[in-house]
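S.K.: Below are the structure tokens for one structure; questions will follow.
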Amino acid sequence: CYVTVIRVFIQVRTFSVIRGLLVLLHKPVLKTDIYCICSVQVVGRGCYGNVWMGQLIDQCAAVKQLSLNNRQNFLNERDIYRLPMMEHENIARFIDATERQLPGKAPELLIILEYYPLGSLNNFLKHKSCNWPEACRMAHSITRGLSYLHTERLYKPAIAHRDLNSRNVLVHSDGTCAISDFGMAMALSRPFSGPLEEETAAIAEVGTYRYMAPEVLDGAINLSDHQTALKQVDVYALGLMYWELFSRCSDIFSGHVAPPFSLAFEAELGSHPTFDEMQQLVARERHRPVFPASWQDDPLALAYLKLVIEECWEQDAEARITACCAEERMKELGELRPLCLSVVSSLCTAT
Ligand code: ADP
Ligand code: MG
Ligand code: MG
């Protein structure tokens, strides 16, 4: 009996020594001291809580604060950021994720990211228009991020974002973009195994109504190849984002003045479209945001832009281009000059 007690004691001691070592080894990996995160100001409000600009010991960061009710969303976002090879220029830079409880406060879940001073693409476009090279650069960088996300690498699974929209894209100070908010994202390596109804719901009931693809709105997503289907859903939303972005490109409007920022389908359905309204408009009537009249006169660059956008938001998911192909297209688009710019520059050289 004594021998057993001693054995158990030794095992427990060994276990705690190993655990202590692991904690010590793990310590340098933790990049933040959670008690030293000092919130400075709110920089964004999402569906799940506030995002603060915070001061860590040695750097400025964005701190996304979620309540315990949103644990599932927190865990999903954290686990996606922690997947191997998620460091990429066009994916928001993850610093840490942690749970903390400050004295006298409710426990909170924190996702800590690099702080992007220009905020979301949505916020950026509301306040600023851009010229042609800037718009092409932004569009190319978002697409590059999505293409990377969708691609399986040696240790990295392919990932579908599932809530791609201009509020979930952040703008770097150099004008390139990074995809963020992986609360709904899904690594695509595992096959579905649950009952069919649950699987359909798991896929169909996510995302922002405004950006939902017709097959999602109709509950008609192709589950037999869910990996391809979920990527196609992302590409549909990418097309809407291109429309929002280039609608603020001053170079391609008469008088070089872009109209105020408008969300996709805002003209048709206002600020808070319901699921049923979106289903009627997008899935049944097959309606898409309207291209500005001034885009009609350009047989090359703007015709190409419209073609790419249409190839992304095709009704038939199978007919959409892949993110990788869209990346190529956006690169090519950046090398073209819209007619209005060529006219301006030839006038300048003539005078
Ligand atoms: P939710 O999951 O609640 O939608 P998000 O991660 O999308 O939260 O963040 C909400 C908003 O906070 C974004 O639309 C953006 O305006 C702002 N935001 C998020 N992360 C950052 C960041 N790293 N830097 C600057 N602003 C950010
Ligand atoms: Mg968001
Ligand atoms: Mg989210």
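S.K.: Output yes when any residue across the range 40-51 is open to solvent by 30 Å² or more (accessible area, probe 1.4 Å), modelled with pLDDT of 85 or more and either more than 14 Å from ligand 2 (Cβ to nearest atom) or outside any helix (DSSP H, G or I) (or both), and no when none is.
M.R.: Yes, the range 40-51 has at least one match.
S.K.: Then there's this: Tell me, please, whether a residue that is more than 9 Å from ligand 1 (Cβ to nearest atom) and among the polar types (S, T, N, Q) can be found in the range 72-89.
M.R.: yes
S.K.: Against the condition out of contact with any Pro (no Cβ under 6 Å at 6 or more places or on another chain) and modelled with pLDDT of 95 or more, how does ARG82 come out, does it pass?
M.R.: Taking the combined requirement at face value, the residue satisfies it.
S.K.: Just give me the residues in the range 164-183 being in a loop (DSSP other than H, G, I, E, B), within 8 Å of ligand 1 (Cβ to nearest atom) and among the charged types (D, E, K, R), in sequence order.
M.R.: If the condition is that a residue be in a loop (DSSP other than H, G, I, E, B), within 8 Å of ligand 1 (Cβ to nearest atom) and among the charged types (D, E, K, R), then ASP181 is the only one that fits.
S.K.: Run LEU263 past the list (1) under 17 Å from THR208 (Cβ atoms); (2) in contact with a strand residue (DSSP E or B) (Cβ under 9 Å, 6 or more places away or on another chain); (3) not acidic (Asp, Glu) and report the number of the one that doesn't hold.
M.R.: Checking LEU263 against (1) under 17 Å from THR208 (Cβ atoms); (2) in contact with a strand residue (DSSP E or B) (Cβ under 9 Å, 6 or more places away or on another chain); (3) not acidic (Asp, Glu), the one that fails is (2).
S.K.: Can you find, within the range 297-313, the residue that is farthest from VAL257 (Cα to Cα) among those that are hydrophobic (A, V, I, L, M, F, W, C) and assigned to a loop (DSSP other than H, G, I, E, B)?
M.R.: TRP313
S.K.: Restricting attention to the range 141-188, report how many residues are away from ligand 3 (no atom under 16 Å from the Cβ) and of a type in the set (D, E, K, R).
M.R.: 5
S.K.: Then there is this: Between ARG167, ARG144, ARG153, ARG162, which is within 16 Å of ligand 2 (Cβ to nearest atom) and more than 20 Å from ASN123 (Cα to Cα)?
M.R.: On inspection, the qualifying residue turns out to be ARG162.
S.K.: Moving on to the next point. Filter the range 69-124 down to the residues that are among the polar types (S, T, N, Q), within 30 Å of PHE261 (Cα to Cα), within 16 Å of ligand 3 (Cβ to nearest atom) and open to solvent by less than 40 Å² (accessible area, probe 1.4 Å) and list them by number.
M.R.: Result: ASN73, SER120, ASN122.
A quick yes/no check of all residues on (1) touching a residue at least 12 places away in the same chain (Cβ under 8 Å); (2) surrounded by 14 or more Cβ atoms within 10 Å (Cβ to Cβ):
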| site | (1), (2) |
| --- | --- |
| MET212 | yes, yes |
| TRP243 | yes, yes |
| ASP251 | yes, yes |
| GLY255 | no, no |
| GLU268 | yes, yes |
| ARG286 | yes, no |
| GLN296 | no, no |
| LEU305 | yes, yes |
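S.K.: Let me ask something additional. For the condition part of a helix (DSSP H, G or I), in contact with a helix residue (DSSP H, G or I) (Cβ under 6 Å, 6 or more places away or on another chain) and at pLDDT below 95, what is the one hit in SER342, SER294?
M.R.: Of SER342, SER294, the one residue that is part of a helix (DSSP H, G or I), in contact with a helix residue (DSSP H, G or I) (Cβ under 6 Å, 6 or more places away or on another chain) and at pLDDT below 95 is SER294.
The values are calculated or read from the model by the stated rules, or taken from the named source; none is laboratory data. Computed from a prediction, not measured in an experiment: that's the story for all the values here. Using ideal geometry, Cβ is built from the backbone for each residue, glycine included, and neighbour counts are taken over all protein chains shown. SASA here: full protein model, heavy atoms, side chains in, ligands and nucleic acids out. Shrake-Rupley method; radii C 1.70, N 1.55, O 1.52, S 1.80 Å.
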